[in-house]
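The values are calculated or read from the model by the stated rules, or taken from the named source; none is laboratory data. These figures come from a predicted structure and were not determined experimentally. Reconstructed Cβ throughout: ideal geometry from the backbone, glycine too, with neighbour counts over all protein chains shown. Heads up: the accessible areas ignore ligands, DNA and RNA and are worked out on the full protein's heavy atoms, side chains in. Shrake-Rupley method; radii C 1.70, N 1.55, O 1.52, S 1.80 Å.
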Amino acid sequence: MAFALSPLPYPDTALAPAISAETLSFHHGKHHQTYVDKMNAAIDGTPHADASLEAIIAASRGSNQGLFNNAAQSWNHAFYWHSMAPATTAPSADLVAKIDAAFGSVDALKQQLKDRGLGHFASGWVWLAEKDGKLSIEETHDADTLADSDFNPLLVLDVWEHAYYLDHQNKRPAYLDAVVETKLNWAFASENLARGQVWTYA
Ligand code: MN
């Protein structure tokens, strides 16, 4: 069964000025759609055709790089759309307590997310993640994902250039600052923490 493109959880104008409607229309409607289309073509008529996206990611890791890249990018982008909101939302008390324990404060975490996003060389993803009750910032390169890892991902930032080039050109810090300060969906992170299991693609 073919996967549908995971819909944006808000209108494509909702993240401006951090992320413009033009960027969202290309990033979701072209880049994300292409990953989903290529994955669907790769699984058609194979034993993967009826598997979950998370199972396809795990099964293709290390054995079928082409399928892995498109499956992981399909998952990562859906998770990324949910990691942002038209107006930043509030973290739960449990999430704040875990952020304070790991980073000192929410503001300190925000600064570390921006620093890690800026320091990440070339294309990839910067995650807030939980493992064994402890929070950390993790980075994955290119299409790599935490979807099939030991971590429970709570939030992600896309640091591929296509995420910000139309709005901020080469100025990755301006994109990171705008998203981290005004668009992060801490309520989504709180739900992921409370579930205690990796979010699933739908
Ligand atoms: Mn992207």
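Any idea what log10 I(q)/I(0) is at q = 0.10, 0.12, 0.16, 0.20 Å⁻¹ for segment 93-195, Debye with uniform C-alpha scatterers and no solvent?
With no solvent term, the Cα-only Debye profile gives -0.26, -0.37, -0.67, -1.03.
Under a Cβ-Cβ cut-off of 9 Å, what is the net charge of the residues other than Gly124 that fall near it, where Lys and Arg count +1 and Asp and Glu count -1?
So the environment of Gly124 carries a net charge of -4.
Using DSSP, restrict attention to beta bridges with both residues in the chain and report what percent are antiparallel, rounded to the nearest 5.
Rounded to the nearest five, the antiparallel share is 95 percent.
Name the residue, out of Gly45, Gly124, Gly29, whose mean-square fluctuation peaks in a Gaussian network model built on the chain with Cα pairs under 10 Å.
In this elastic network of the chain, the residue with the biggest mean-square fluctuation among Gly45, Gly124, Gly29 is Gly45.
With viscosity set to 1.567 mPa s and temperature to 4 °C, compute the Stokes-Einstein D of the chain, Rh being the Kirkwood radius across alpha carbon pairs; µm²/s, no decimals.
Here the translational diffusion coefficient equals 76 µm²/s.
For the chain, with every protein chain kept in place, what is the accessible area per residue (1.4 Å probe, Å²)?
So the chain comes to 44 Å² accessible per residue, rounded to a whole number.
Over what distance in Å are the Cα centres of segment 3-57 and segment 125-153 separated?
Value for the Cα centre distance between the two parts: 20 Å.
Measure off 7 Å from each Cα along the Cα-to-Cβ vector at Gln111 and Glu22, then give the distance between these two points in nanometres to one decimal.
The answer from the label model is 3.4 nm.
Please get the size of the charge dipole for the chain, origin at its Cα centre, with Cβ charges of +1 on Lys and Arg and -1 on Asp and Glu, quoted in debye to the nearest 20.
The calculation lands at about 160 debye.
Residues with beta-carbon under 13 Å from that of Ala59, excluding Ala59: net charge, scoring Lys, Arg +1 and Asp, Glu -1?
It works out to a net charge of -2.
Suppose each label sits 7 Å from its Cα in the direction of the beta carbon; what would the Thr34-Tyr10 distance come out to in nanometres?
Placing both labels 7 Å along Cα→Cβ, they lie 2.6 nm apart.
Residues with beta-carbon under 14 Å from that of Pro173, excluding Pro173: net charge, scoring Lys, Arg +1 and Asp, Glu -1?
After counting each charged neighbour, the total is 0.
Under the classification rounded if a/c is under 1.5, otherwise prolate if a/b is larger than b/c and oblate if not, where does segment 21-82 fall, given a ≥ b ≥ c as square roots of the Cα gyration tensor eigenvalues?
prolate
Let me check against my output: what whole-number percent is the relative contact order of the chain, with C-alpha pairs under 8 Å and at least 6 apart?
27
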